[in-house]
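What follows is a single structure, written as structure tokens, with notes after it.
The values are calculated or read from the model by the stated rules, or taken from the named source; none is laboratory data. Just so it is clear, the model here is predicted, and its values are computed rather than measured. When we count neighbours, we look across all protein chains shown, and the Cβ atoms used for this are built from the backbone with ideal geometry, even at glycine.
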Amino acid sequence: MATRTRTRGGGGVVDAVKVDIQRLHGAWMELVFPRQRGRGHSVMGKWKPESTPQKVGYHGWSALGAVGLLLLYPLTVLGLATRFYAVKLDSTITRIGIAGVTGLALVVWGALTVVAHLQLSHEAFLAIGAASAVATVSTALAAGFSKVGGRSTSALLAYPFAMTALFLPPVVAALVTPSLEPYVLEPSYALAVWLLDNVLIVGGANEYLRANYELAGAAYAAMWVGVSFPLGWFFGVLVGLANLVRPSR
């Protein structure tokens, strides 16, 4: 019985992967050729090449898409996982409301700001207070944009603000708690060095940042706010890809 159940489950996963790949490849083919995706039960059927140039172009485009799927499908799986957790968060927002989510963030960040006021210097307190305000506002904006507008609004605005609200807590906690520094601030510094050496070299942005800013204190929080937006857009694109392969109900 157990063996039979595992076999059926494995077959289900394999079949699902095959369907996903067929949909992705069909969408790729339909960028150039008509009637390619989901035409199995259509009256007109799937378009097929007839002349030799059409066949060469058709099969060449198909092979190029197959190679691209080797990189694209793992991103699709990541997009499906992102969409799953986004739906969970959206259901939480629906239950307690935007005001409830904002109020909860305000209580948590307010408590952390009070701790900073009691234990740290005035400058550190002001920095953490500013980060707390940004995180609270980001939480409210992420919740609001997830409920207002369509998928494009979520991808462009809700996901980046949600990333900001997600990244700031451990960074601010590390600024308050020195024992967390090796686990949060040091990896953040290493990431900043990698970004400056490999990504922000365009237009000399890395030289400008190194000459005018020092990665210390509140600059860590500012760094993660900056990282949140492109990363949020990236996850938004992944969710869009997941919706293309497996449209949500």
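Numbers at a glance
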| item | result |
| --- | --- |
| Unique match (being surrounded by 13 or more Cβ atoms within 10 Å (Cβ to Cβ), out of contact with any Lys or Arg (no Cβ under 6 Å at 6 or more places or on another chain) and at pLDDT below 90) among Ala219, Ala211, Ala242 | Ala219 |
| Residues that are of a type in the set (A, V, I, L, M) and touching a Lys or Arg at 6+ places or on another chain (Cβ under 9 Å), drawn from the stretch 81-122 | Ile93, Ile98 |
| Answer residue from the stretch 131-152, given it is part of a helix (DSSP H, G or I) and out of contact with any helix residue (DSSP H, G or I) (no Cβ under 7 Å at 6 or more places or on another chain) and is surrounded by the fewest Cβ atoms within 10 Å (Cβ to Cβ) among those | Ser152 |
| Residues (under 12 Å from Ala221 (Cβ atoms), under 23 Å from the mean Cα position of the chain (by Cα) and not aliphatic (A, V, I, L, M)) located in the stretch 87-140 | Ser132, Ser138 |
| Members of the stretch 194-208 found to be loosely packed, with under 12 Cβ neighbours inside 10 Å and assigned to a helix (DSSP H, G or I), listed by number | Trp194, Asp197, Asn198, Val202, Gly203, Gly204, Tyr208 |
| Candidates Val137, Val184, Val237 - the one that is closer than 30 Å to Met29 by Cβ and modelled with pLDDT of 85 or more | Val237 |
| Asn212 being among the polar types (S, T, N, Q) and farther than 24 Å from Ala165 by Cβ | yes |
| Restricting the stretch 153-173 to residues that are buried (at least 21 other Cβ atoms within 10 Å of the Cβ) and under 12 Å from Gly217 (Cα atoms), the residue that is modelled with the highest pLDDT | Val171 |
| Restricting the stretch 36-48 to residues that are surrounded by 15 or more Cβ atoms within 10 Å (Cβ to Cβ) and either under 22 Å from Val237 (Cβ atoms) or at pLDDT 75 or above (or both), the residue that is nearest to the chain's Cα centre (by Cα) | Arg37 |
